[in-house]
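Below: one structure, written as structure tokens.
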Amino acid sequence: MRSVEEHQRIVAEHLPAGEPVALALADAENLVLAADLVAEVALPVFDNSAMDGYAVRAADVAGADDTPVTLPVAEDIPAGRTDIPALAPHTAHRIMTGAPVPAGATAIVPVERTDGGVDTVKIRAASAEGRHIRRAGEDVPAGATVLRAGHRVTPAVVGLAAALGHDRLTVWPRPRVLVISTGTELVAPGTPLQPGQIYESNAVMLAAAVRDAGAAVPAVATVSDDVEEFAAVLDRYAGHIDLIVTSGGVSAGAYEVVKDAFGRDGGQGVQFVKVAMQPGMPQGIGRVGRTGIVTLPGNPVSAMVSFEVFLRPALRAAMGLARPHRPRREAILTDAVRSPPGKRQFRRGVFDADAGTVVTWGPPASHHLRYMASANCLLDIPADVTDLAAGAAVRLWDLS
């Protein structure tokens, strides 16, 4: 059987990074810069007031701590005013936070240290040269490189880019993923079930997982065990998206539509393999034209664990994210665990970060979705380990 590590590498090779794209700020959120962000303007753009108050010449109010100084208010300067008269000696301009500092002014007196006058103002405190003035370029000088390629676009990055006049950012794009769930027995939730039918859950679950990883899901499809129907969906999307992910149809039964579509020997674009892991042993990897395809098993826990092991890190690496993998932790088991020989087991668990302990959660079988939904970690048990006693240290993947 193929090792987990080898299959991870092959899956990643089928999902290379796309070409950098320039996206609107809102669309670039949580993506990674593919080019340095350079300031086209200074920040602040001009000298501006850090306080609501009065623009003055510092020398005119130097003695105000001992004797209040009364000055005529010559102008009002709200934020956004563009025609800014110079400040004459022995006068004041009433000024608001963010408004341009007039030529001639060397300090701002906060309104709290005055009587708040409109025609004249009584100033009760001195203000030193440069006090409460934000100088042009003191945050970012024009032409400076403020962020390097590889930085994730956070809300603060969006704000910085906008403040510097950028309406777009050059980023690594989100991979576009088509999710297909296969099985004649599947019906949409909300539809009355007939005997032998079950509600479709893998497609919506995997699509949510793709979006949670940061990638995009332009389409989700559910197809029956009909090769022509399955092939028609592939033909419709292949070449227009970056990756196809299927669930089901890859086992050894008589109605395995994915295997039937590509040839059970894997000779038509997809290689079907067994990976030494539990759950998720049957896997497939290949291409439909130029588009990569990953075929996952149909049991819901197998599909979800396979996504975590193979697809989530590959998607995030293709987006340029610095830490594509789930955080790894070490914890102390509170119960004993048995694992099949020769297979790397990913067991659902509940991790108590405060206590540093973990307990297995639910049976190991791949149909127990309830426990997958309420677990917050996966225990990562090596292929050469068959028994772990309570009190043993175990490695886990933090899903929280």
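The values are calculated or read from the model by the stated rules, or taken from the named source; none is laboratory data. Just so you know, these numbers come straight off a predicted model, no measurement behind them. Glycine gets a Cβ as well: all are built from the backbone with ideal geometry, and neighbour counts include every protein chain shown. These accessible areas exclude ligands, DNA and RNA; they are computed on the full protein's heavy atoms, side chains included. Shrake-Rupley method; radii C 1.70, N 1.55, O 1.52, S 1.80 Å.
Per-structure values
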| read-out | value |
| --- | --- |
| Estimated FRET transfer efficiency (VAL227, GLN194; beta-carbon r; R0 30 Å; 0.05) | 0.85 |
| Among ARG113, ARG148, ARG290: highest mean-square fluctuation, GNM of the chain, C-alpha pairs under 10 Å | ARG113 |
| Segments 331-341, 17-27 sorted - mean Cβ within 10 Å per residue, highest first | 331-341, 17-27 |
| Lys/Arg +1, Asp/Glu -1 at C-beta; the range 103-154 dipole; positive extreme among ALA142, THR106, GLY116 | ALA142 |
| Karplus 3J(HN,Hα) series, Hz, for the range 350-355 with 6.51 cos²θ - 1.76 cosθ + 1.60 (x for Gly, Pro) | 10, 9, 9, 5, 5, 8 |
| Accessible surface, 1.4 Å probe, highest first, among residues TYR255, TYR54, TYR237, TYR199 | TYR255, TYR199, TYR237, TYR54 |
| Part-to-part distance (alpha-carbon centres) for the range 135-162 and the range 306-371, which is given in Å | 37 |
| Label-to-label distance, nm, for residues given as ALA355 and ALA50 (7 Å Cα→Cβ offset) | 5.0 |
| Gap separating the Cα centres of the range 256-299 and the range 46-87, nearest whole Å | 73 |
| Counting DSSP beta bridges with both ends in the range 200-335, the antiparallel % (nearest 5) | 65 |
| Built amide H within the under 5 Å cut-off of LEU147, gap 5+ | LEU37 |
| FRET efficiency estimate (nearest 0.05) - Cβ-Cβ, THR97 to THR70, R0 25 angstrom | 0.60 |
| Listed residue (THR184, HIS90, ILE133) projecting farthest to the positive dipole end of the range 70-200, Cβ model | ILE133 |
| Nonlocal amide H pairs with THR357, under 5 Å, H built at 1.01 Å | ILE332, ASP352 |
| Residue-span extension gain [GLU185 to ARG131] - 0.36 nm each, minus C-alpha spacing | 12.0 nm |
| Within the chain, percent of DSSP bridges classed antiparallel, to nearest 5 | 65 |
| Karplus-derived HN-Hα couplings along the range 243-253 (A = 6.51, B = -1.76, C = 1.60, θ = phi - 60°), whole Hz, x at Gly and Pro | 7, 10, 10, 10, 10, x, x, 10, 8, 9, x |
| HN-Hα J in Hz across the range 386-394 - Karplus 6.51, -1.76, 1.60, θ = phi - 60°, x for Gly and Pro | 10, 9, 10, 8, 4, x, 7, 7, 9 |
| Surface per residue (accessible, 1.4 Å probe) for the chain, Å² | 46 |
| Gain on full stretching of the segment that runs from ASP119 to ASP27 - 0.36 nm per residue minus C-alpha separation | 28.2 nm |
| Cβ charges +1 (Lys, Arg) and -1 (Asp, Glu), total dipole of the chain, debye | 940 |
| Most mobile listed residue (GLN268, GLN345, GLN197) in the chain, GNM with C-alpha springs under 10 Å | GLN197 |
| Sites excluded, GluC sites (Glu not before Pro) in DSSP loops with at most 13 other C-beta within 10 Å, longest stretch of the chain | 139-400 |
| Cα-based reach from LYS259 at 22 Å (exclusive), listing lysines while leaving out same-chain residues under 8 positions away | LYS274 |
| Summed side-chain charge close to ALA209 - residues other than ALA209 whose Cβ falls under 10 Å, Lys, Arg +1, Asp, Glu -1 | 0 |
| Carbon + sulfur, % of accessible area of the chain - ligands and nucleic acids excluded, 1.4 Å | 52 |
| Nonlocal amide H pairs with ILE180, under 5 Å, H built at 1.01 Å | ALA221, VAL245, THR246, SER247 |
| Positive-end residue of VAL309, ILE381, PRO16, charge dipole of the chain with Cβ unit charges | ILE381 |
| Dipole magnitude of the range 98-209 about its Cα centre (Cβ charges: Lys, Arg +1; Asp, Glu -1), debye to nearest 20 | 360 |
| Debye, to nearest 20: dipole size of the range 1-45, +1 on Lys, Arg Cβ, -1 on Asp, Glu Cβ | 160 |
